[in-house]
1. What is the number of the single condition among (1) touching a residue at least 40 places away in the same chain (Cβ under 8 Å); (2) under 15 Å from Ile218 (Cα atoms) that Arg56 does not meet?
2. Restricted to region 216-267, and to residues that are assigned to a helix (DSSP H, G or I) and among the acidic types (Asp, Glu), which residue is nearest to Lys141 (Cα to Cα)?
3. Which of the residues spanning region 111-144 are surrounded by fewer than 16 Cβ atoms within 10 Å (Cβ to Cβ), under 22 Å from Ile89 (Cα atoms) and either in contact with a Lys or Arg (Cβ under 8 Å, 6 or more places away or on another chain) or β-branched (Val, Ile, Thr) (or both)?
4. Residues Leu152, Leu166: which one is outside any strand (DSSP E or B), crowded, with 17+ Cβ neighbours inside 10 Å and touching a strand residue (DSSP E or B) at 6+ places or on another chain (Cβ under 9 Å)?
5. If you check Gln184 against the conditions, is it surrounded by 14 or more Cβ atoms within 10 Å (Cβ to Cβ) and part of a strand (DSSP E or B)?
6. Please enumerate the residues belonging to region 79-98 that are surrounded by 20 or more Cβ atoms within 10 Å (Cβ to Cβ) and over 16 Å from Asn296 (Cα atoms).
7. Suppose we keep only residues that are at pLDDT below 90 and not β-branched (Val, Ile, Thr) within region 31-59. Which one would you say is farthest from Trp230 (Cα to Cα)?
Amino acid sequence: MHNYNEIFLKFTRREWSKLRDHMPLNVNESDLTYLMGLNEPISLKEISDIYLPISRLINLHYNSNRNLHAYRDNFLGQKSIKVPYILGIAGSVSSGKSTTARVLKTLLERSSEKYSVVIVTTDNFLYPNKILRLRNIMNKKGFPESYNIKTLIKFLIGLKSGIKSLKIPVYSHLEYNILSGKYQEIKDPDIVILEGLNILQKQQNGTMHISNFLDFSIYIDASLNSLRDWFVQRFLLLKRTAFINKNSYFNNYARISDEEAILKASSIWKDINEKNLINNILPTKGRADIILEKTNDHSVKSIMMRKL
């Protein structure tokens with residue numbers, strides 16, 4: 001068990017909210033429908049208390065990072081080129097990574113600096129199902145070995161090399177697979193938010209890790225019981241919505257009873273997601289710059305910030 005108090009400063013909600021300073025809240029009630037994820041509630045107070053101070057801190061880091069690049073290029077006597085600032089968001093399945101990414105993207109885009117921000121999920125770098133089946137790891141989708149790390153690292157190198165336009169694969173949650181012939185184009189953003197389960201992990205092979213490319217990182221933490229409950233609740237919601245689509249990979253679950261769905265979701269959580277969390281994701285928590293500690297209603301109860 002790590003003693004995070006040795007390397008992190010801990011703040012209560014009230015203490016952290018004061019660090020917002022005078023930053024205006026540039027979102028309103030009408031934005032919440034877009035910002036909140038499935039079974040991931042978010043309120044204006046949560047955004048004001050928790051995420052505005054984070055966006056202020058990222059802004060400070062961004063400017064410091066840009067200055068450092070300029071000083072280095074001046075030292076080397078070379079022309080300075082723009083490279084994106086990469087913000088990583090890590091945590092378990094159902095922790096709220098996507099909601100956090102959308103909230104921060106919106107706050108940063110609407111700030112006085114008006115950053116151009118793009119969200120990239122590491123799901124786009126999963127191997128296609130045919131490869132996962134060939135390797136007999138379909139039941140380990142989301143585990144480190146299910147990702148094409150070489151392609152992801154190549155993309156990150158491209159970003160940090162200042163390449164203005166990059167194309168990456170596209171993952172469909174509906175089809176539960178990489179879409180053949182489909183690509184997401186990343187065109188000269190100021191900030192890339194990289195969201196994924198294992199972005200803070202150090203890969204076993206090779207010298208380059210995803211974390212080498214992150215300028216700042218956030219880990220979303222919650223108890224095992226909360227994460228399991230959120231996953232089961234989301235599965236039930238999907239059963240009544242997305243799973244109904246005949247093109248959904250999970251369409252067969254749309255016709256089972258709620259009791260059967262709860263048993264199935266609990267089994268998936270225990271056999272796959274919990275194992276991945278305990279063995280691969282949770283051990284990376286201490287590598288983050290910020291740890292958000294959530295309660296069972298998805299609100300953040302405390303914040304830990306890495307000491308400089």
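The values are calculated or read from the model by the stated rules, or taken from the named source; none is laboratory data. Being a predicted model, the structure only gives us computed values, none of them experimental. Virtual Cβ from ideal backbone geometry, glycine too; neighbours counted across all protein chains shown.
1. Result: Arg56 passes all but (1).
2. Kept after step one, since they are assigned to a helix (DSSP H, G or I), are these residues of region 216-267: 224-240, 242-244, 251-255, 258-267.
Cutting the leftovers down to among the acidic types (Asp, Glu) gives us 229, 258-260.
On the way: Asp229: 20, Asp258: 24, Glu259: 25, Glu260: 22 Å.
Taking the candidates together, the pick is Asp229.
3. Correct list: empty.
4. On the way: Leu166 fails: outside any strand (DSSP E or B).
Unique residue meeting the criteria: Leu152.
5. Working: surrounded by 14 or more Cβ atoms within 10 Å (Cβ to Cβ): yes; part of a strand (DSSP E or B): yes.
Here the answer is yes, as Gln184 does meet what is asked.
6. Passing the criteria: Pro84, Tyr85, Ile86, Leu87, Gly88, Ile89, Ala90.
7. Keep residues of region 31-59 that are at pLDDT below 90, which gives 33-34, 36-41.
Checking which are not β-branched (Val, Ile, Thr) leaves us with 34, 36-41.
Details: Tyr34: 19, Met36: 14, Gly37: 12, Leu38: 10, Asn39: 7, Glu40: 8, Pro41: 11 Å.
So the residue we want is Tyr34.
Residue by residue, here is whether (1) part of a loop (DSSP other than H, G, I, E, B); (2) over 21 Å from the mean Cα position of the chain (by Cα); (3) farther than 22 Å from Val93 by Cα; (4) in contact (Cβ under 8 Å) with a residue 60 or more places away in the chain holds:
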| residue | (1), (2), (3), (4) |
| --- | --- |
| Asn5 | no, yes, yes, no |
| Phe11 | no, yes, yes, yes |
| Leu19 | no, yes, yes, no |
| Val27 | yes, no, yes, yes |
| Ser30 | no, yes, yes, no |
| Glu46 | no, no, no, yes |
| Tyr51 | no, no, no, no |
| His69 | no, yes, yes, no |
